[in-house]
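Student: I'd like to ask some things about the structure below.
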């Protein structure tokens, strides 16, 4: 089944960053890596390009080589290979979920996962997917509510659901239903379509949203802004990130850029639940920008 990409609409116009952030070359490299991920499902290069925003002079090729080495060290190909690879990575390999410091942003960066051997569900799933691809094992990510999972083909091509955060445990449909109800309440209805594979862009967008929330809660508007902007690279027309980018611009006292983003958000969704608050913010931002001029 072909994985669906994020819903796209009219692209958000490019902006001139000025003194706020200066990463146009890295942004371009990130976009090119995303295009390659679309064509070849080469997710690791795009994730490492994301990490390069945070880690100056990151050697992307060296970390891609680390993934190659993990695949070369896997001897369990053939029947049952998907589950055997989970044991190889999350058993013998020592990769595990970082339950004690879940919201550490390092958990979201693939280079840190490879170095520290800890991560969160989505980054450990990405690790599994990239090693599986190198081993010829068909696998895809599942953007399951509350907890990212992996869907792989095991014996005879039958799909199996794995949880890399919990040691690569194999989950039944009943397990998945129970997990959904823990997140959304006992009345939540499980639908097997929740286990359909997601695209590399959907996975990347979820990584960026996780980081955006972490940085926003820490009061790091500059990094949160970067995540919102890169979300618009991943999914042009993404209105949530357009609004958030405007709000982070405002926190950084970039009043005109903030007002431009928030006004465009209102043009695209005039009946948004937060439209009244956003309009008031736009008016205040325009007044502040006028005073600066």
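The values are calculated or read from the model by the stated rules, or taken from the named source; none is laboratory data. These numbers come from a predicted model, not from an experiment. Note: ideal-geometry Cβ built from the backbone for every residue, glycine included; neighbour counts use all protein chains shown.
Student: Look through 266, 208 and report the one residue that is more than 27 Å from residue 110 (Cβ to Cβ) and out of contact with any strand residue (DSSP E or B) (no Cβ under 6 Å at 6 or more places or on another chain).
Tutor: Unique residue meeting the criteria: 266.
Student: Another question about this same structure. Kindly evaluate residue 84 against the criterion of being free of Cβ contacts under 8 Å to residues at least 40 places away in the same chain, in a helix (DSSP H, G or I) and crowded, with 17+ Cβ neighbours inside 10 Å.
Tutor: Yes, satisfied.
Student: Kindly indicate whether residue 106 is free of Cβ contacts under 8 Å to residues at least 40 places away in the same chain, closer than 19 Å to residue 63 by Cβ and buried (at least 16 other Cβ atoms within 10 Å of the Cβ). Spell out the reasoning first.
Tutor: Details: free of Cβ contacts under 8 Å to residues at least 40 places away in the same chain: yes; closer than 19 Å to residue 63 by Cβ: yes; buried (at least 16 other Cβ atoms within 10 Å of the Cβ): yes.
Criteria met by residue 106.
Student: Is it the case that some residue within segment 67-87 is in the same structural domain as residue 166 (by TED's automatic domain parsing), within 26 Å of residue 215 (Cβ to Cβ) and under 21 Å from the mean Cα position of the chain (by Cα)? Outline the logic, then answer.
Tutor: Step one: list which residues in segment 67-87 are in the same structural domain as residue 166 (by TED's automatic domain parsing), which gives 67-87.
Subset that is within 26 Å of residue 215 (Cβ to Cβ): none.
Looking through segment 67-87, none of the residues is in the same structural domain as residue 166 (by TED's automatic domain parsing), within 26 Å of residue 215 (Cβ to Cβ) and under 21 Å from the mean Cα position of the chain (by Cα).
Student: Among the residues of segment 249-277, which ones are more than 26 Å from the chain's Cα centre (by Cα) and without any contact (Cβ under 8 Å) to a residue 40 or more places away in the chain?
Tutor: Listed by number, the residues that qualify are 253, 255, 256, 259, 263, 267, 270, 271, 275, 276, 277.
Student: While we're on this one: Among the strands (runs of 3 or more DSSP E) contained in segment 128-224, which hold 1 or more residues that are surrounded by fewer than 19 Cβ atoms within 10 Å (Cβ to Cβ), assigned by TED's automatic domain parsing to the domain that holds residue 97 and at pLDDT below 95?
Tutor: Values: elements: 139-142, 149-153, 159-163, 169-171.
Qualifying strands (runs of 3 or more DSSP E): 149-153, 159-163, 169-171.
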